[in-house]
1. Is it true that some residue in the stretch 156-165 is closer than 23 Å to Ile76 by Cβ, within 16 Å of the chain's Cα centre (by Cα), more than 11 Å from the ligand (Cβ to nearest atom) and buried (at least 20 other Cβ atoms within 10 Å of the Cβ)?
2. Any residue in the stretch 152-165 that is more than 15 Å from Ile113 (Cα to Cα) sitting within a Cβ distance under 6 Å of a residue that is crowded, with 16+ Cβ neighbours inside 10 Å? List the pairs, counting only those 6 or more apart or interchain.
3. Name every residue in the stretch 189-205 that is buried (at least 22 other Cβ atoms within 10 Å of the Cβ) and in contact with a Lys or Arg (Cβ under 6 Å, 6 or more places away or on another chain), in order of residue number.
4. Sort through Ala122, Ala146 and tell me the only one that's within 16 Å of the ligand (Cβ to nearest atom) and crowded, with 20+ Cβ neighbours inside 10 Å.
5. So in the stretch 107-117, with the set limited to residues that are part of a loop (DSSP other than H, G, I, E, B) and more than 16 Å from the ligand (Cβ to nearest atom), which one is surrounded by the fewest Cβ atoms within 10 Å (Cβ to Cβ)?
6. Being at pLDDT below 95, within 27 Å of Ser117 (Cα to Cα) and not polar (S, T, N, Q): is that true of Ala56 here?
7. Can you name the number of the only condition in (1) more than 10 Å from the ligand (Cβ to nearest atom); (2) surrounded by fewer than 18 Cβ atoms within 10 Å (Cβ to Cβ) that Thr171 fails?
8. For residues that are under 21 Å from the mean Cα position of the chain (by Cα) and among the hydrophobic types (A, V, I, L, M, F, W, C), scanning just the stretch 174-185, find the one that is surrounded by the fewest Cβ atoms within 10 Å (Cβ to Cβ).
Amino acid sequence: MASKFTTVRNDLLSKKVIKGLNSRNMTGYYAKDKEEALKLALELIPEGSTVTMGGAMSAHEIGLVKVLKEGNYNFIDRDDYEDKRAAALLAYDADVFLSSTNAMTEDGVLVNIDGNSNRVSAIAHGPKKVVFIVGMNKICPDVDSAIKRARNVAAPINAQRFGIVTPCTQTGSCMNCKSADTICCNFLITRYSRHTGRIHVILVDESLGF
Ligand code: SF4
């Protein structure tokens, strides 16, 4: 849980983010800690659901992935598949897709970048429901600063995590590369959902993911 000082700020800011989400036909929730975030997420995922995910560290950090793997859910784990493409394609017909976000604006716009791009494509279309787990550390004032965060914070850390060869793994910030290994092939800005009830964002008063 955050300190009492950041909690006051995050409580206030979360209201603004949720209002912004609602104005974009998306639904926001606010959890005071990981335990509450887990409870909220499970309320959105009925038992028996087919669930997939795209690189969502935050979903691991609140314990959601473990519960889904061990519980009465059809959890599709790409690590169990030799054919990664076939596993990724299963996401498009899933009941629920789990994701974190690389960044998000105070008025409810989600910003994500992707190399393989299975994650951003599933966020945009396919799974019946998308559940985002978002630490308050991901909130940025506007779209420009959210893109900067995605490129200069999230992507260089993820590049380190994947052990790939890109300039940002040497410099710590984005060098706008066209490396064969770049994880910045596609940028998705989610500013509105046409499908009511599809996009759910659980904000958490914690620092989650990168
Ligand atoms: S250097 Fe390349 S891989 Fe790294 S953040 Fe920039 S565009 Fe992405």
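1. For the stretch 156-165, residues closer than 23 Å to Ile76 by Cβ, within 16 Å of the chain's Cα centre (by Cα), more than 11 Å from the ligand (Cβ to nearest atom) and buried (at least 20 other Cβ atoms within 10 Å of the Cβ): absent.
2. Gln160/Thr169
3. Result: Asp205, single match.
4. Details: Ala122 fails: within 16 Å of the ligand (Cβ to nearest atom).
Just a single option satisfies the conditions, and that option is Ala146.
5. That would be Asp107.
6. Values: at pLDDT below 95: yes; within 27 Å of Ser117 (Cα to Cα): yes; not polar (S, T, N, Q): yes.
Yes, satisfied.
7. Condition not satisfied by Thr171: (1).
8. Here the answer is Cys185.
The values are calculated or read from the model by the stated rules, or taken from the named source; none is laboratory data. Here the structure is a predicted model, which is why all the values come from computation and not from measurement. FYI the Cβ positions are ideal-geometry reconstructions off the backbone, even for glycines, and counts take in every protein chain you see.
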